[in-house]
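For reference, the structure discussed in these notes is given below.
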Amino acid sequence: MAIITKDEAENLPACLASVRFAGQVVVVDSGSTDDTVKIAADLGCDVFVESWRGFGPQKQFAIDRCRHRWVLVLDADERIPPETAEVVSRIVSKEPGDVSGYSFPRKNWFQGRWIRHLWGGDRIVRLFQKDSGRMTSAAVHESVEVTGRIEAIHVPIDHYTESDLGKILIKIDHYSTLGAREAFDQGKRSSVFGACGRAALTFLQDYLLRLGILDGSQGITLSVTDAVNKFFKYAKLSELHKRAKTPDRNR
């Protein structure tokens, strides 16, 4: 299995404890300043330290260092529950047949509760044959692309998403910058007014259409943070275009 890390000393022990069934665990770290690397090494992982490449390429680097036919990709804040571990163990111990990958429902825990409505339809491909799957090259919101049949199974992956609002704001700044740069490179355009409109629409979709309203205070918090992230992504995209038009005064 493959995990990428940076400063995940708080999350990594529980993640690794949930995958004791794995024949090999590859951890690729991108410069942790805490005990992440030591924890991974002490728990028997194959540890590599690699400069940051972007989410998709970094995970692919980890996948390429896996030795077994089947690869399970996890984030450090995710866990494999016992019932899921049993199913995964059975899958990897038998001949694969015509199935190239498997998708899982993901249960998301935020600020003391499972988010059953806003994120209730979250399903992800994480287990696949190494020669049939690759990570997308996306700088953010990367995913596994599988050639061949994907089978949906119904045991979950548990995701303990960041609940500290200060850290969430730092993530929003980072992710919105990556998203803006990616959109800029694709030739997309925006304005500050457009960013406001997208943010408002995102909040309404999350809170009303996707039923975040039924997830209590956590639902409104997630709806607002998603809208804020959307605003900054497209406001930063507008800023990138303005900078591209402005002559370099130092020339």
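We did not get these values from a lab; they are worked out from the coordinates using the rules stated. Since we're looking at a predicted model, the values are computed, not measured. For neighbour counting, all protein chains shown are included, and Cβ atoms are generated from backbone atoms with ideal geometry for every residue, glycine included.
Each label point is 7 Å from the Cα along the Cα-to-Cβ direction; what then is the distance between the points at Val99 and Arg53, in nm?
Result: 2.9 nm between the two label points.
Among the aspartates and glutamates, which have Cα under 15 Å from the Cα of Lys233 when same-chain residues fewer than 8 positions away are ignored?
Asp173, Glu182, Asp185
Run the quick spin-label model on His154 and His241: label points 7 Å from Cα toward the beta carbon, then report their separation in nm to one decimal.
The two pseudo-label positions are separated by 4.7 nm.
Can you figure out the FRET efficiency of Leu169 with Arg113, using R₀ = 25 Å and their beta-carbon distance, to the nearest 0.05? Write down the numbers at each step before the final one.
Numbers: r = 21 Å, r/R0 = 0.83.
E between Leu169 and Arg113, to the nearest 0.05, is 0.75.
Kindly provide the helix-only [θ] at 222 nm of the chain, computed as the sum of -39,500 (n - 2.57) over DSSP H runs of four or more divided by all residues, to the nearest 500 deg cm²/dmol?
Details: 7 runs with 99 residues, N = 251.
After summing the helix terms and dividing by the residues of the chain, the value is -12500 deg cm²/dmol.
Using modelled backbone amide H atoms (1.01 Å from N, in-plane), which distant-in-sequence or interchain residues come within less than 5 Å of Val125's amide H?
Amide H neighbours of Val125, under 5 Å, 5+ apart: Phe104, Val144.
Show me the GluC sites (Glu not before Pro) within the stretch 150-251 that DSSP assigns to loop and that have at most 12 other Cβ atoms within 10 Å of their Cβ.
Numbers: sites: Glu151, Glu162, Glu182, Glu239; in loops: Glu162.
Within the stretch 150-251, no GluC sites (Glu not before Pro) qualify (loop, at most 12 other Cβ atoms within 10 Å).
Rounded to the nearest 0.05, what FRET efficiency do Val140 and Arg90 have when you use their Cβ-Cβ distance and R0 = 51 Å?
Details: r = 33 Å, r/R0 = 0.66.
The value I calculate is 0.95.
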